[in-house]
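Working notes for the structure below.
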Amino acid sequence: MSDTIPIIEASHFLMGFGILLMLLIGTYASRYYQVQRNLFYLLLAFFTLSFGVVIYTTDWIYFLIAWEGITIITTAMILLAERRLAAQYFLIQFVGSNILYFAIIMALGEGYSNIVPLEEPWLQMLFILGLGTKSALLGLHFWLPPVHSRAHAPVSALLSGWSVNVGFVMMLRLLPEGNNILFFIGLAMIFYGGAMAFFSTDYQVLLAYSTLSQLGYIALGIGSGTLLGQIGAVLHMVVHGIAKTTLFLGSGLWEKECNGRIIYRFERAFYRHPVNAVSTIAGFSSLMGMVFLAGFHTKNLIKHGTEDIYATGFLLYGATLITVLYAMRFLWWGILKDMVMKSVQNRREKITCTYPPSVSEHVPLIIGTALLLAFGIYPPLMYMFLQLEDPGIVILWWPTMIENILFLVVGIALLALTEGLFFPLKPVPSLNRMLGLVITISQKVSNSIFQLLFPSFQYQLLWIPLIILFLLLWTNFI
Amino acid sequence: MIYSLCFVALFMIGLYSILAQRDLIKMVIGLNLVEGAVFFWTITMVREAGGVPIVDLAFPELPMVDPIPQALTLTAIVISASTTALLLTIIVELNRMARTIEIDSLKGLRE
Amino acid sequence: MIFSPLLLILLPLGTAFLIPLVDLFHVETRRLMVIISASFSLFLGFAALWSAWPELLAGTFFHSYHLSGWLPPLGINLAFDSLGLLFSSLVTLFSFLIIVYSIGFIGHHEGKYYVLLFLFQAGCQGIVMTGDIFNLYVFIELSAITSYALIAFERDRSSLEATIKYMVYGILAGVFIFLGIIIIYRSLGTLNIAEIADNFHRIPLTLQRTSVVFLLTGLLIKLGVFPFHFWMAKVYGSAPASISALLSGTLAKVNIYILLRLFWVGTGFSVLREAGWDRFLLGIALLSTILGHVLALREREVKRMLAFSSMGHMGMIVAVLSLNTPLGLFAGLLHAVFHALMKTGLFLSAGYFLRFREGPKEKRFTGAAYRKLPIFIGFIIFALSMIGIPPLNGFFSKWFTMQAFLEKDVYPAIALIYSGNILGLIYYLPFVRQGMLGKESIMKQKSTSSPTPGFFYQERFVTTVVYILILLVMSSGLLPFVFQEPFEVMIAELTEPIRYIEHVLGGIIHE
């Protein structure tokens, strides 16, 4: 086995599952988008194409074209939901892209004519900054919750499940030796995202922060630079992609069924959409790293890859705990509360379903859940797709299960003692204030410069003799 | 030398008129002074005495005034006259609309 | 070449003088004549490019025409080299597009309008072809005078003020250019650019530099670089959109050509470099880049915003040219061509919306997307190209520009380009948003100032031109390497002016 991950195989693996996820989202969207369906399918196709170019190309220019292609396509998708949001998203991504252009120009100046691993730490840092905007690294993540909370569910699924991975794939190619800063950013992301998800009251905001937390694991794996960490990161991209897609697609159904996404208002959700409820539970369990689900294996790999570095192994227990807490909190309010608290009589009441899901909406959920289970029960399947040998991590099934149960017990105990940890409702995060500030300040600066430079017509003309005099004096005396 | 001094003086008067006078017409006069100064300087640069600038085949070695600066000046004067005419037309037209030719009252000139 | 290059000047010139004559007899014939003449001139330009292409690639393209048979340095001559060919093609293409656009756009006083437009075209063609420096001055003034009249074409208060402002600047620029030419003539006794290039080093240093100062100031005024940029926003904002497009797309690029011809070939770049003025040029050009982008932020009128953005981009072109490296020249020429495509497109598509809606200028852009979606998408594409989104052409020219700056370690310039990109997005966004505002009902609202009906006055002309420009922007972005080889030839001409001198003087070189 080599020291670093075979990137071509990893690309094939990611591309394959990328196409699969696009198909799932496309299937789901056939009911969601009734008017703009063809447009959405076209955008999906272009997205897949751009994604393929980004992960396969070795040419900087093709990479940039595809990278901007992804920006424009996702912007167009958000545009289906809200114009202002799309503008804000595009602005933020464009700033990131410009950092990336700068990084690439610098890399060219250093003699990297192709996409190859980078040596210089400052160059690595620039690339992390540039790629991080699309991949929502901590500090550059601020667009993620507002966008996810407003965009349509399939678009959120695409963004959160797959689009964020693009940057990490590039980081994997550019930084095969790992990067300490990325490592620590990843570590911080896990806890920050987890904590923010824990305090969220809006389901999609919760999912967005959970994405942030999960991306922390990927950043950790890539930043560690160990083979196990990298394999774990690649697998986690796919597994998290599947889980998040399932969850976001499900959230679209909940949103229509429960008239909103406030988690306290999910009443008897399980009885209304049983399939969705099961897939949601499976998705969250995968995120929590429950045994027999795919997330367990990927997190296990990352843990094995990183635990020797700076006591990370210990910290990751805390990370699991925080994941369990926010996942259990949602599951409690959304699904379990009714099953536990309501009386039997109440439970037998006639359930009226306001938005019965169609087959096309169920199929992606079922496939996603099935994949998570399949990978979880038979992990060599993942390695087979990745064309790797089994890395040979011995999994102690019984202790792990006990560990899982302990975590669950702690989580449930905490929730039961505090009656589900009710937090007052918070407003949905928004970028309006930030963007408004940017525009106001830029206009004020511009206006004052204008007033300064354009005093009156004749002062403007005065520049001409001044410049001529200046040049003539410069010629003859300097 | 005296010609050059004249040129500089005329140029400066014109420039002053452009930069300091508050009236558009005076500005146009200033522009014309600047142009006139340059034309003046152009034709005075050939100071050597000589015949009319056609080579006399009988006496080809006779001194001859360089005709080109005069031709250039003539062309430039035509250009200057036409631009001045156009500028004055436009000022008249503007006066008809704005009822003023004060530079300070015409806020639009500033932007 | 299969025909004389003189034809490229004579055709528009002749048409311009024929128009009022034909107009007396039959108006429809004049309209037909305008189209036919414009098409024929496009055909000529295309044929010139087509027939010259092999020679251009071989690096041997050069054509001259001696008026009345006088050989240089005695007579006035046309010297048509590959750089001239590039800019001549640009002038031909954009004049054609704008004439076609004007057919559906200008609804009044058309006779005068087309006279001026054709004269303008003749002036620009003359500038790029002439080999005589005084002739250059005359053609500069020809294009300037016609552009003065065209800017005042709307005859409202704002456009008259704009014309006065532009004329004062333009006349001063003309005077300075004339003064510079006279100083050169006084020292050398010749007006032929090739001969000036050959002998410029013989002039005493003080006079050399004095003449360069005047020529440079005049040109910088025309280019609208930083301390002389004050006329730009007013003029571009008040002129008819087609004229703004012509000024910012064509005339500005022709001025770039004059800059190259005079200071790279005519005086030799070493004069600028030894005086330290290349740094000065770089400095003010970069300053005007950032100022243009910053000032554009405050504008609520789309054409004024485009004017400031134009100032920013022109500054960038001058800055990258002033590096005087092959890569820098390549980037500058590429950006000049691409910027002409994009800016013309932006002005023309914005002009479409402004023209077909009433109300104050700030509000006329509202609901543009409902008025005509494809044109609005075109506007967005041009804007994306401006801010450097990869598959479009703006990206590639910026890409080479940045590499050129990096090669010379001018890091502030790189930072400025990025900030220009981001500021560009910030100032284009409000207009895109404004265009999407409004209701469906706006779509049904009848256009207010559409010209009188008839075949020649259809919106179709306007929209077709914008579509052609969209196509050009997208295709030139996909095929930037087409420009590589011919541009290298032009750059070789600029860096070795001896070739131009040899071509023009036919091997007669003084010691």
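The values are calculated or read from the model by the stated rules, or taken from the named source; none is laboratory data. Computed from a predicted model, the values in this text were never measured in an experiment. Neighbour counts run over all protein chains shown; Cβ positions are idealised from the backbone, glycine included.
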**Item:** Selection status of A:Leu406, farther than 27 Å from A:Gly250 by Cα, surrounded by fewer than 14 Cβ atoms within 10 Å (Cβ to Cβ), of a type outside the set (Ser, Thr, Tyr) and modelled with pLDDT of 75 or more
**Value:** yes
**Request:** May I ask you to list the residues in segment A:11-58 that are within 16 Å of A:Gly167 (Cα to Cα) and part of a loop (DSSP other than H, G, I, E, B)?
**Result:** A:Thr57, A:Thr58
**Message:** Considering only residues that are farther than 30 Å from C:Ile177 by Cβ and in a loop (DSSP other than H, G, I, E, B), which ones fall in segment B:77-103?
**Reply:** B:Arg99, B:Thr100
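Each row is one residue, and each column tells you yes or no for (1) basic (Lys, Arg); (2) part of a helix (DSSP H, G or I); (3) over 25 Å from C:Leu136 (Cα atoms); (4) in contact with a Lys or Arg (Cβ under 7 Å, 6 or more places away or on another chain).
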| position | (1), (2), (3), (4) |
| --- | --- |
| C:Ser4 | no, no, no, no |
| C:Leu11 | no, yes, no, no |
| C:Ile36 | no, yes, yes, no |
| C:Ser39 | no, yes, yes, no |
| C:Thr60 | no, no, no, no |
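Report the residue count in segment A:170-204 for those that are β-branched (Val, Ile, Thr), part of a helix (DSSP H, G or I) and surrounded by fewer than 24 Cβ atoms within 10 Å (Cβ to Cβ).
The initial filter retains those residues of segment A:170-204 that are β-branched (Val, Ile, Thr), namely A:181, A:185, A:190, A:201.
Going one step further and asking which of them are part of a helix (DSSP H, G or I), we end up with A:181, A:185, A:190.
Next, from what is left, pick out any that are surrounded by fewer than 24 Cβ atoms within 10 Å (Cβ to Cβ): A:181, A:185.
Matching residues across segment A:170-204 total 2.
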**Message:** Tell me the residue from C:Leu142, C:Leu205, C:Leu223 that is among the aliphatic types (A, V, I, L, M) and more than 22 Å from the chain's Cα centre (by Cα), please.
**Reply:** C:Leu205
**Message:** Please pick out the residue among C:Phe96, C:Phe105, C:Phe17, C:Phe40 that is aromatic (Phe, Trp, Tyr), over 26 Å from C:Asn199 (Cα atoms), at pLDDT 85 or above and in contact with a helix residue (DSSP H, G or I) (Cβ under 6 Å, 6 or more places away or on another chain).
**Reply:** C:Phe96
**Message:** For segment A:83-91, check the following and say yes or no: at least one residue is part of a helix (DSSP H, G or I) and in contact with a Gly (Cβ under 9 Å, 6 or more places away or on another chain).
**Reply:** no
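One line per residue, one yes/no per condition, for (1) farther than 21 Å from C:Ser39 by Cβ; (2) at pLDDT below 75; (3) not in a loop (DSSP other than H, G, I, E, B):
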| position | (1), (2), (3) |
| --- | --- |
| C:Ser447 | yes, yes, no |
| C:Phe456 | no, yes, yes |
| C:Phe461 | no, no, yes |
| C:Thr464 | no, no, yes |
| C:Met474 | yes, no, yes |
| C:Phe481 | yes, no, yes |
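Take the residues in segment C:144-165 that are among the acidic types (Asp, Glu) and part of a helix (DSSP H, G or I); name whichever of them is farthest from C:Ala245 (Cα to Cα).
The qualifying residue farthest from C:Ala245 (Cα to Cα) is C:Glu161.
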**Asked** In the list C:Gly237, C:Gly266, which residue meets the criterion of being small (Gly, Ala, Ser), over 17 Å from C:Thr325 (Cβ atoms) and away from every other protein chain (no Cβ under 11 Å)?
**Response** C:Gly266
**Message:** For segment A:446-473, give me each residue that is more than 7 Å from every other protein chain (Cβ to nearest Cβ) and either of a type in the set (A, V, I, L, M, F, W, C) or touching an Asp or Glu at 6+ places or on another chain (Cβ under 9 Å) (or both).
**Reply:** A:Leu452, A:Leu453, A:Leu466, A:Leu469, A:Phe470, A:Leu473
**Asked** In segment A:96-119, which residues are closer than 22 Å to C:Asn393 by Cβ and either out of contact with any Ser or Thr (no Cβ under 7 Å at 6 or more places or on another chain) or surrounded by fewer than 22 Cβ atoms within 10 Å (Cβ to Cβ) (or both)?
**Response** A:Asn98, A:Leu100, A:Tyr101, A:Phe102, A:Ile104, A:Ile105, A:Leu108
**Fill in**
Among the residues of segment C:66-80, the number that are surrounded by fewer than 21 Cβ atoms within 10 Å (Cβ to Cβ) and touching a Gly at 6+ places or on another chain (Cβ under 9 Å) is 7
**Fill in**
Residue pairs within 6 Å by beta carbon, gap of at least six or interchain, first lying in segment A:144-168 and in the same structural domain as A:Tyr89 (by TED's automatic domain parsing), second buried (at least 24 other Cβ atoms within 10 Å of the Cβ) and not in a helix (DSSP H, G or I), listed first then second, are A:Leu144/A:Ala136; A:Val164/A:Ala136
**Request:** Kindly indicate whether any position in segment A:220-231 is closer than 18 Å to A:Thr369 by Cβ and assigned by TED's automatic domain parsing to the domain that holds A:Tyr32.
**Result:** no
**Prompt:** For segment C:277-298, what are the residues that are within 13 Å of chain A (Cβ to nearest Cβ) and surrounded by 24 or more Cβ atoms within 10 Å (Cβ to Cβ)?
**Reply:** C:Ser288, C:Gly292, C:His293, C:Leu295, C:Ala296
**Request:** Would you list the helices (runs of 4 or more DSSP H) that sit entirely within segment A:210-305 and hold 2 or more residues that are among the polar types (S, T, N, Q)?
**Result:** A:227-258, A:274-288
**Item:** Selection count, segment A:97-121, where residues are within 11 Å of chain C (Cβ to nearest Cβ) and among the hydroxyl-bearing types (Ser, Thr, Tyr)
**Value:** 2
